[in-house]
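Chemist: The structure's right below; bear with me while I get my questions together.
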Amino acid sequence: MRRSSFISFWTALAAGLALVLSVVGTAFAAPAHRHARAHAHSTQSTKKTAAASSRRHSSSATRRIASSTRRPRTTYSPARSEVRTSYGYRSRSRNSRYQTAEFRQVRFNIPSPLRGSHESLVHQNEMAEAEGLERILDETDLENRIASGSLVPVPVSAALSVNTDLPENHRYCRPWTAQFLHDFSQAHAAKFPGHSLEVTSAVRTVEYQRQLRRINGNAAAADGDIASPHLTGGTIDIGKSGLSAREIGWIRAWLIPLEQQGKIDVEEEFRQACFHISVYKSYVDPTSPSHAPRVSPIESATILDPGAR
């Protein structure tokens, strides 16, 4: 009886130990199993990501190759003799789909600058003497000539202004010069609506010219054969500041025929940026003596509009 109880005790103990070991083994085995499954899942996701990235790079490279080799998109227009492509316009031909693109350039002829010279200045003084114009000596002499009517105001208008730095009593000129300014400014305004010309200098006195020589070495002399033509009141300066290249070209073309006819002399100045213009009596009086043209005739002194030939 005692032996039987002993055997039963040890049997129960062994069974309990076996149960404990079974529970403990299961507890340790589960995390390892879960870790293995997670590792396998991570490996599989990495492989899928790499494969997807490879496919994207391959697709992008394929699109780049296709883009570099595709033909330009073309749109045909029945009303045009050209076809429009994604790279521009090309001519359409019966024999070939595309021809070399042709570009039509608009010609814009601008006469050369009307540069002055020593001979020109001498000639302007000779013309003043031939027309009996005296040099205005001082401010008193200037006031007397204004009062007598031999000098008239510069014809200011919407098409012609006077530089505000010019003294009030120096905004005068000879009557024929005033007529020239009116015609010139109106023709310019008709060609360039909304634009105006500016007189930067008109009549001067010998006294004023001598003072000017002291501060401006580019100013003409006050005496002699090359004295400033401004001293007679027949000469004016038209400023170039603010004028476009097209306007300057038009002015040259408008003045050249008058100079060839002996009605004016023109010197284009660049330091002071102006057109120096001496106007003669023959501009309004055909009976007045005029001089032969100093320049060679110009075959074409016109400004071509865009598209003109």
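Read the figures in this text as sums done on the coordinates, not as results from a lab. In this text, all values refer to a predicted model and were calculated from it rather than measured experimentally.
Chemist: Sequence neighbours fewer than 8 away in the same chain don't count; with that in mind, list the aspartates and glutamates whose C-alpha is under 20 Å from residue 263.
Modeler: 119, 126, 129, 131, 134, 183, 237, 285, 299
Chemist: Non-local amide H neighbours of residue 274 (under 5 Å, H modeled in plane, Pro and chain starts lacking H): which ones?
Modeler: Distant-sequence amide H within range of residue 274: 240, 269.
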